[in-house]
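Chemist: Could you have a look at this structure, given as structure tokens, before my questions?
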Amino acid sequence: MSKTVRIFKLFWAHEDEAQEDWLRAMARQGLHLLKVNPLCFWTFERGEPADIVYRVDFPNASHDPAFRQLMQDAGWRLAASTVGWHYWRTPAVRGKAPALFTDNASKANKFRQRLAMFVASAIPLFVTFVLLDMPRRLGELSVPFLVAYCSALAFYLLVMPYTLVRLWLRVRALERACAA
């Protein structure tokens, strides 16, 4: 039997709690996160079932050695990282899950950062199609390339608005909770 298991599982950018719950359930089954890639393939190592709590973080601070040391001092270990997403883990304490973001303002800021990242990712698309006269250039390319390119573009244009709206709604809800 293989020591590692690879699973495809898609989560949206606003579904951090669903990711955390799923990773905890996997650890309870004896599958412990080793790595995740941007295409949503998760690699787990088989081991003893354990109640391990995972937290998803998308901060610039995770690249800071002082922040990493602070996390380690608090008992968190970096389980995996992919394109700016960081997955921290720690054993549950008497079945309780420790929190990384304890107040709504911190949670809202976390989602604002994600929202800004997704908005920034649209800039190359804008530059390509508006500023560089890309429609004319696309006419000069091969049909197979155009099919693949247009398929990827259509997927992006369908998924991105949904992602932006869901993140924005999450930020608004957290801001309202702060004001209450």
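The values are calculated or read from the model by the stated rules, or taken from the named source; none is laboratory data. Computed from a prediction, not measured in an experiment: that's the story for all the values here. Every residue, glycine as well, gets a Cβ built from its backbone with ideal geometry; the counts of neighbours run over all protein chains shown.
Chemist: Residue by residue through the stretch 40-90, note down the ones that are more than 24 Å from N109 (Cα to Cα) and either of a type in the set (S, T, Y) or out of contact with any strand residue (DSSP E or B) (no Cβ under 8 Å at 6 or more places or on another chain) (or both).
Modeler: If the condition is that a residue be more than 24 Å from N109 (Cα to Cα) and either of a type in the set (S, T, Y) or out of contact with any strand residue (DSSP E or B) (no Cβ under 8 Å at 6 or more places or on another chain) (or both), then T43, E48, P49 are the ones that fit.
Chemist: Would you mind stating whether V130 is out of contact with any Cys (no Cβ under 7 Å at 6 or more places or on another chain) and modelled with pLDDT of 70 or more? Working first, answer last.
Modeler: Details: out of contact with any Cys (no Cβ under 7 Å at 6 or more places or on another chain): yes; modelled with pLDDT of 70 or more: no.
Criteria not met by V130.
Chemist: Shifting gears a bit: Which residue, of S62, S81, is among the hydroxyl-bearing types (S, T, Y) and modelled with pLDDT under 85?
Modeler: Values: S81 fails: modelled with pLDDT under 85.
That would be S62, the only listed residue that is among the hydroxyl-bearing types (S, T, Y) and modelled with pLDDT under 85.
Chemist: Which of the residues belonging to the stretch 83-98 are under 17 Å from the mean Cα position of the chain (by Cα) and loosely packed, with under 15 Cβ neighbours inside 10 Å? So that I can check it myself, show each step before the final result.
Modeler: Step one: list which residues in the stretch 83-98 are under 17 Å from the mean Cα position of the chain (by Cα), which gives 83-89.
Of everything in the stretch 83-98, just one residue is under 17 Å from the mean Cα position of the chain (by Cα) and loosely packed, with under 15 Cβ neighbours inside 10 Å, namely V83.
Conditions (1) closer than 27 Å to V171 by Cα; (2) in a helix (DSSP H, G or I); (3) within 16 Å of the chain's Cα centre (by Cα), marked per residue:
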| site | (1), (2), (3) |
| --- | --- |
| R6 | no, no, no |
| F11 | yes, no, yes |
| A18 | yes, yes, yes |
| L23 | yes, yes, yes |
| M26 | no, yes, no |
| H32 | no, no, no |
| K35 | no, no, yes |
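Chemist: What number of residues within the stretch 9-64 satisfy the criterion of being among the polar types (S, T, N, Q) and over 13 Å from W88 (Cβ atoms)? Show your work before the answer.
Modeler: Applying the first criterion (among the polar types (S, T, N, Q)) to the stretch 9-64 yields 19, 29, 37, 43, 60, 62.
Still in the list and also over 13 Å from W88 (Cβ atoms): 29, 37, 43, 60.
So the count comes out to 4.
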